[in-house]
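Peer 1: To start, I am sharing the structure in question, which I have written as structure tokens.
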Amino acid sequence: MADASRIEIVSDRRRWHAPEFRARVVIASYESRRPIREVAAQYGIHPSLVFRWRREARAKAQAKGGTSFIPVMVAPAPEPPPLERRREQGTLSGQAVSLVFPDGVRLEFDTGLSADRLREIVGALRS
């Protein structure tokens with residue numbers, strides 16, 4: 001019977017957020033290294049709103065013919081990979097080059113590698 005005295009008020013009104021607030025949240029979601037859910041909690045909104053506002057911002061930028069906002073973070077230089085160690089030991093002729101593909105695969109090779117051979121290697125990795 002204790003639950004019978006409880007009253008819930010449900011509103012069908014949705015909260016409205018100013019465009020400046022939305023822009024601030026979108027920028028924070030891109031600049032922050034924290035998950036979207038944490039950024040959303042910081043601003044007191046649901047994570048799905050952040051994703052929606054990001055999608056809308058990209059669509060608006062593309063509609064204007066401009067480029068969309070793409071965050072870039074520069075990471076500190078890692079320990080020398082094996083290819084650079086081999087170059088230091090004098091076993092390679094040129095400089096080491098690293099390619100990092102969108103899926104995170106990293107390919108390191110000597111600049112003395114021919115373009116044809118590099119195409120073969122990349123083709124094998126992508127197949």
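Peer 1: What ranking do 113-120, 42-49 get when scored by the average of other Cβ atoms within 10 Å per residue, highest first?
Peer 2: 42-49, 113-120
Peer 1: Another question, if that's okay. Among residues other than His46 whose Cβ falls under 12 Å from its Cβ, what is the net charge (Lys/Arg +1, Asp/Glu -1)?
Peer 2: Every neighbour counted, the sum reads +4.
Peer 1: At 7 Å along the Cα-to-beta-carbon direction for both Arg52 and Leu118, put a label point, then send me their distance in nm to one decimal.
Peer 2: Each label point is offset 7 Å from its Cα along the Cβ direction, giving 4.6 nm.
Peer 1: For Glu20 and Glu38 in one chain, what is 0.36 nm times their gap in residues minus the Cα-Cα distance, to one decimal in nm? Present the calculation step by step, with values, prior to reporting the outcome.
Peer 2: On the way: separation 18, 0.36 × 18 = 6.48 nm, distance 1.97 nm.
Stretched fully, the Glu20-Glu38 segment lengthens by 4.5 nm.
Throughout, read-outs are computed from the coordinates displayed, never taken from laboratory work. Quantities reported herein were computed from a predicted structural model and do not represent experimental measurements. When we count neighbours, we look across all protein chains shown, and the Cβ atoms used for this are built from the backbone with ideal geometry, even at glycine.
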